[in-house]
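Participant: One structure, as structure tokens, below. Some questions next.
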Amino acid sequence: MTIQGDSALADQLRAAEMYSDCPATVIVPSIACTAIPFAELSDADFDAAWEQPMRQTIVAFQRAHRAGHTRLIAVVPTIAMSGAPQLAHAAATAEAIRVMVKSAARQWGADGVTVNCIAVAPELFGIDPAAVGSVSIAPPAFASRGSVVDDLAPLIRLTASTDAHHITGATLNADGGVWMTS
């Protein structure tokens, strides 16, 4: 399994030495974490926050597809679905990656390729949880067993396996119940 990205989360996943029974690529894009009030967000700020992670994800998926990888997974913060005050640029980028995952899944599905997204707690991307604000009154659904990798790795291994051949174009929330889909 190939883990791409230059963040602490990507490094932790690489260190876990995860294996898959399918050729798989996991991309952890570098999504901007700095809070900027929406009214002060310049075109340059938005371009910097948008262009790099989008290009990083597109290129990773294209290379993985050309290399014959049949399981492609993007990891994004849950602010993709909920938004966050002063993080419109990060939320828009994460949501665009989720939409890209759906499009790639539809396009490459006929080739036997699954493309999925795993949404994780914003703090795993270095985003201050206090800056995001509460989006759920529910307590976390589980207590961490140790490291982020201990909680996230099993889900990545599942989506990268032949057992998940029927799951594609999906976003799986792995944030302990902080943000819940309806």
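The numbers here are math on the coordinates, done by the rules we state, and not lab data. It should be emphasised that the depicted structure is a prediction, and the values quoted were computed from it without experimental measurement. Counting neighbours? That spans all protein chains shown, and the Cβs are built from the backbone with ideal geometry, glycine included.
Participant: Fewest Cβ neighbours within 10 Å first, please rank Thr70, Thr162 accordingly.
Facilitator: The order, fewest Cβ neighbours first, is Thr162, Thr70.
Participant: If you average the sequence gap of Cα pairs under 8 Å that are 6 or more apart and divide by the length of region 2-174, what percent do you get for the contact order?
Facilitator: Working: 287 pairs, mean separation 47.6, N = 173.
Averaging sequence separation for qualifying contacts and normalising by length gives 28 percent for region 2-174.
Participant: For Thr2 and Leu158, calculate 0.36 nm times their separation in residues minus their Cα-Cα distance, and state this gained length in nm to one decimal.
Facilitator: Values: separation 156, 0.36 × 156 = 56.16 nm, distance 1.47 nm.
Once the chain is fully extended between Thr2 and Leu158, it gains 54.7 nm.
Participant: Please return the longest range in the chain lying between exposed loop sites, taking chymotrypsin sites (Phe, Trp or Tyr not before Pro), DSSP loop only, at most 16 other beta-carbon atoms within 10 Å, and leaving the sites out. Please report the intermediate quantities before stating the final value.
Facilitator: Working: sites that count: Tyr19, Phe142.
The answer is 20-141.
Participant: Considering only the other residues whose Cβ falls under 12 Å of the Cβ of Ala35, what net charge follows from Lys and Arg at +1 and Asp and Glu at -1?
Facilitator: -3
Participant: Nearest-5 percent of antiparallel DSSP beta bridges in the chain?
Facilitator: 0 percent
Participant: If I build a Gaussian network model for the chain, linking alpha-carbon pairs within less than 10 angstrom, which residue out of Leu72, Leu41, Leu172 has the largest mean-square fluctuation?
Facilitator: With Cα springs under 10 Å in the chain, the top fluctuation among Leu72, Leu41, Leu172 is at Leu41.
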